[in-house]
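Input: a single structure, listed below in structure tokens.
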Ligand SMILES: Nc1nc2c(c(=O)[nH]1)N[C@H]1C(S)=C(S)[C@@H](COP(=O)(O)O)O[C@H]1N2
Ligand SMILES: [Mo]
């Protein structure tokens with residue numbers, strides 16, 4: 001975490017009250033060895049306490065006037081490493097389908113039209129990248145909860161994994177959410193950005209927006225959503241590309 005982010009976390013913790021200020025203080029302690037290990041990872045105390053304080057609070061939403069004139073693209077700029085994605089891209093994603101499978105009652109294959117036909121949510125939010133930049137953009141798409149409702153999660157499902165088309169540093173990009181964040185009102189499958197179809201460099205045809213978390217959770221080029229009981233046994237087992245490769249926190253609360 002760079003300085004900007006530690007400061008921001010302190011500020012937002014202040015807004016939540018004294019309890020979370022204590023947690024913010026923990027960011028300093030957490031830099032050292034075993035304590036840090038205990039604080040990070042799925043289901044850590046730190047994460048659980050922070051989320052308990054948040055409840056179902058919404059990330060701040062902005063007005064059209066606040067939108068950034070330039071929203072930079074970061075990480076992968078294409079999903080073309082995946083032949084399936086590439087052939088659909090060549091066809092404007094007209095035949096593309098999102099797969100929803102794993103621990104669900106009804107595995108789904110949803111076209112872009114099917115996603116557009118669901119009730120839509122539009123939100124103007126600030127994207128914060130750990131590399132130290134932010135941008136405000138407008139996102140539209142169905143809530144993930146609507147799609148999960150159609151698929152029907154089995155009782156053993158605890159996580160949703162977002163499998164992406166791209167490779168980053170030669171490895172498949174992926175991310176994951178637990179059921180609380182998956183059902184949060186601002187967790188959407190965005191097929192629109194700033195009033196246009198999601199551009200290729202921002203993750204066409206759909207990307208995740210999970211607005212209470214940092215940029216790396218906002219998976220682009222999502223091809224498949226898999227419901228799982230555990231994140232163990234999948235790639236590095238930490239629930240996401242950056243979590244596995246650099247030890248970034250799985251709960252990336254802003
Ligand atoms: N599939 C995929 N999703 C991704 C990434 C990526 O490289 N591949 N980069 C992440 C990071 S670190 C950030 S900051 C945002 C960047 O989104 P943008 O390109 O729309 O700015 O996407 C996130 N989601
Ligand atoms: Mo990022």
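In terms of packing, defined here as the mean over residues of other Cβ atoms within 10 angstrom, the peptides 192-200, 96-104 line up highest first as 96-104, 192-200. Subtracting the Cα-Cα distance of residue 84 and residue 168 from their residue separation scaled by 0.36 nm leaves 28.5 nm.
Applying 1/(1 + (r/R0)^6) with R0 = 35 Å to the Cβ-Cβ distance of residue 94 and residue 145 gives a FRET efficiency near 0.85.
In a fully extended conformation the segment linking residue 197 and residue 117 would gain 27.3 nm over its present Cα-Cα distance, using 0.36 nm per residue. As a rough guide to protection, the peptides 116-128, 163-175 ranked by mean Cβ packing within 10 Å, highest first, stand as 163-175, 116-128. The label point for residue 72 and the one for residue 60, both projected 7 Å from the Cα toward the Cβ, are 2.1 nm apart.
The numbers here are math on the coordinates, done by the rules we state, and not lab data. Just so we're clear, the structure is a prediction, and the values are computed from it rather than from any experiment. Quick reminder, even Gly has a Cβ in these numbers, built from the backbone with ideal geometry, and neighbours come from all protein chains shown.
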